[in-house]
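The values are calculated or read from the model by the stated rules, or taken from the named source; none is laboratory data. Quick caveat: nothing in here was measured; it's all calculated off a predicted structure. With ideal geometry, Cβ positions are generated from the backbone for all residues, glycine too; neighbour counts draw on all protein chains shown. For accessibility, only protein heavy atoms count, side chains too; no ligands or nucleic acids. Shrake-Rupley method; radii C 1.70, N 1.55, O 1.52, S 1.80 Å.
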Amino acid sequence: MTNAAAAGHEGATQTPGPRGTWEFWIDRGGTFTDIVGRKPDGTLVAHKLLSENPEAYRDAAVQGIRDLLGLSRGAPIPQGLVSAVKMGTTVATNALLERKGDRTLFVTTRGFRDALRIGYQARPDIFAKKIVLPDMLYDSVLEVDERVRADGTVEAAPDLATVRTALEAARAQGIVAVAIAFMHGYRYPEHERQVAELARELGFPQVSVSHEVSPLIKLVGRGDTTVADAYLSPILRRYVAQVADELSAGHDGAAETIRLMFMMSSGGLTAADLFQGKDALLSGPAGGVVGASETGRIAGLERIIGFDMGGTSTDVCHFDGELERAFDTEVAGVRIRAPMMRIHTVAAGGGSILHYDGARFRVGPDSAGANPGPACYRRGGPLAVTDANVMLGKLIPDFFPKIFGPGQDRPLDADAVREKFAALAGTIGDGRAPEAVADGFITIAVENMANAIKKISVERGYDVTRYALSCFGGAGGQHACLVADALGMKSVHIHPFSGLLSAYGMGLAAIRAHRTRAVGERLETGAIAGLEALRAALATETTTEVAGQGVPAGEIDTEAKAHLRYEGTFPP
């Protein structure tokens with residue numbers, strides 16, 4: 001695996017951009033969209049909007065830019081005023097969670113149509129009597145009579161005339177995306193290339209091929225990643241096009257275009273036209289990891305636990321000098337083999353709904369989101385963690401943004417919260433005060449978050465008491481001390497931009513490009529030359545991609561890593 005990145009980018013972000021221009025760093029979360037704007041003189045300003053407010057605006061990110069520029073709602077953004085927009089988005093994540101991607105055809109070797117459904121036959125809950133398999137992302141499967149053996153011997157070549165007929169039938173049925181993953185295609189990709197060329201010729205707008213998306217051994221992980229890329233990339237491309245259109249980016253004849261970049265799950269920025277579905281699942285949280293690690297380093301903290309509590313969920317991460325990445329991850333029941341920040345997520349955010357089932361309190365996992373949001377958002381929503389903090393006086397409406405109500409100019413509705421907690425206390429009927437009910441829910445939420453931190457620290461052998469808790473996210477400050485106490489942590493780091501640190505991290509992140517290849521050879525002296533040649537080839541690809549995004553050659557660093565396994569063990 002090689003990774004090329006723009007060196008020194010973190011320091012460069014603190015200096016003004018092109019004279020007279022703004023730069024915007026945006027995190028579009030599930031509940032709030034956070035925006036940090038860097039003015040032409042280098043000073044930073046912050047803004048926050050509800051991610052979904054259909055009565056008020058089409059897209060929160062673009063509306064936030066308009067607000068900071070002092071433009072009226074829906075007004076075009078003048079060319080030459082903004083130089084760059086760097087953002088993370090939950091569009092792909094939400095589409096995967098809600099299964100709202102584009103209709104996809106999975107093309108594979110005959111006999112393996114059910115390989116992804118069967119998976120590895122792992123039992124996440126070993127005592128469960130009923131195993132509920134996640135829904136497959138693809139609509140249908142096309143089996144192709146082709147086969148390449150593990151040693152490269154061609155046992156059967158695809159009949160392209162037959163494949164063409166099947167692809168035309170799928171196109172006529174409304175299939176718009178094609179995912180191609182053949183047996184041993186990661187090493188011998190010629191058959192995949194032939195079928196992909198045919199699919200593109202027939203006009204499929206999205207064709208994802210496994211040897212391009214995830215060129216690694218193991219059909220299941222490679223196939224799942226390819227299907228996810230095909231399923232998500234079209235919806236991601238439409239969102240990118242929508243943002244670019246509203247920013248007037250790339251219009252012919254413009255004196256200057258706005259540079260639009262997105263955060264990848266790996267913690268690096270990339271140009272909008274290179275942003276793919278497989279790289280977008282942790283787009284927003286990855287910005288938070290970068291922001292927490294960089295601000296912690298500046299503060300002189302060697303070890304931190306990142307604690308990002310937003311409106312929908314809480315993300316936690318571990319950092320002790322190096323960003324941790326995972327290369328085999330499961331997201332919403334889908335196996336993804338692509339570089340991602342090692343982040344653990346728990347459904348305990350400010351919008352997590354409070355439940356009482358007649359016997360016990362429960363927080364989440366469902367969320368009120370941005371629409372309708374918690375009860376205090378003036379949209380008729382249910383009681384949520386945010387409401388509990390309003391009830392306890394930890395959230396004071398006078399200090400919260402006045403962005404609620406029909407005119408987006410009202411404060412949080414504390415009266416509605418008090419009424420609902422009073423009614424809930426009456427339903428419970430054990431004599432406890434409404435404030436005690438709210439405090440009980442907060443205790444449960446804190447335990448959920450503390451347990452999430454234990455999974456990425458204590459359960460992996462790290463002494464969490466030696467770390468500082470880097471607290472950020474819109475709801476983090478309300479719970480940081482309680483979480484630290486629950487874990488025995490003695491210091492909490494709160495950055496001035498802690499409420500928008502994921503957005504701030506977009507500005508601190510470097511432009512990155514990743515490439516991976518499977519080698520599958522014994523580590524012997526004779527193999528070194530081949531590894532060096534592969535490293536050089538991959539480094540050329542990543543360096544070219546980063547340089548193509550405007551980074552000078554002298555500012556590009558390349559890093560290569562080899563992932564090894566013991567001979568005879570199952571492939572990683």
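Both numbers refer to the Cα atoms of the range 290-398; Rg and Dmax are 17.2, 49 Å.
Accessible area per residue for the chain in Å², computed with a 1.4 Å probe and the full protein assembly in place, what is it?
Values: 24980 Å² over 572 residues.
Per-residue accessible area for the chain comes out at 44 Å².
Distances longer than 17 Å among the Cα atoms of the range 279-337: what percent of all pairs is that? Tail fraction, whole percent: 44. Highest mean packing first, where packing is the average number of other Cβ atoms within 10 Å per residue, the peptides 200-213, 408-421, 111-124, 532-545 line up as 200-213, 408-421, 532-545, 111-124. Cross-linked pairs Lys218/Lys278; Lys86/Lys278; Lys130/Lys454; Lys86/Lys454; Lys278/Lys454; Lys48/Lys394: Cα-Cα separations exceed 22 Å for Lys130/Lys454; Lys86/Lys454; Lys278/Lys454. Dividing the helix sum by the residues of the chain, where each DSSP H run of 4 or more adds -39500 (n - 2.57), gives a mean residue ellipticity at 222 nm of -9500 deg cm²/dmol. Estimated translational diffusion coefficient (Stokes-Einstein, Kirkwood radius over Cα pairs, 25 °C, 0.890 mPa s) of the range 448-572: 130 µm² per second.
If you roll a 1.4 angstrom probe over the protein chains with everything in place, what fraction of the accessible area of the chain belongs to carbon and sulfur, to the nearest %? Before the final figure, lay out each step's value.
Working: 12950 of 24980 Å².
C and S atoms contribute 52 percent here.
Evaluated at q = 0.22, 0.25, 0.27, 0.28 Å⁻¹, a Debye calculation over the C-alpha positions of the range 122-179 (equal weights, vacuum) places log10 I(q)/I(0) at -0.90, -1.01, -1.10, -1.15. Here each label is just a point 7 Å from Cα along the line to Cβ, and for Glu98 and Asp485 those points are 3.8 nm apart.
Send over the per residue convex hull volume for the chain, Cα only, as a whole number of Å³. It would help to have the intermediate numbers written out before the result.
Numbers: hull volume 103.0 nm³, N = 572.
Here the figure is 180 Å³ per residue.
Annotation for Leu71 and Ala553: the two label points, set 7 Å from Cα along the Cα-Cβ direction, are 3.8 nm apart.
According to the Kirkwood relation over distinct C-alpha pairs, the hydrodynamic radius of the range 128-260 is 16.9 Å. Radius of gyration over Kirkwood radius for the range 347-477, both on Cα atoms: the Rg/Rh ratio is 1.02. One compactness figure for the range 351-395 is 1.10, namely its Cα radius of gyration divided by 2.2 N^0.38 Å.
Tally the DSSP beta bridges in the chain and give the antiparallel ones as a percent, rounded to 5. Spell out each step's value before the answer.
On the way: 47 of 81 bridges.
That works out to approximately 60 percent antiparallel.
Note on the range 383-493: dipole from Cβ charges, positive end direction compared against Pro434, Gly393, Ala486; the farthest Cα belongs to Ala486. Take the Cα of Arg362, step 7 Å toward its Cβ, do the same at Arg149, and the gap between the two points is 5.5 nm.
Legend: P(r) of the range 196-235 from all alpha carbon pair distances, 5 Å bins from 0, whole percents, reading 5, 26, 27, 24, 13, 4. Derived value for the range 493-560: Kirkwood hydrodynamic radius 14.9 Å. Basis is the mean of 1/r over every pair of different alpha-carbon atoms.
For Met264, the accessible surface of its heavy atoms amounts to roughly 20 Å² (probe 1.4 Å, protein chains only, rounded to the nearest 10).
Highest mean first, how do 301-313, 506-518 rank when packing is the count of other Cβ atoms within 10 Å averaged over residues?
Values: 301-313: 24.7, 506-518: 22.6.
Going by the mean number of other Cβ atoms within 10 Å, highest first, we get 301-313, 506-518.
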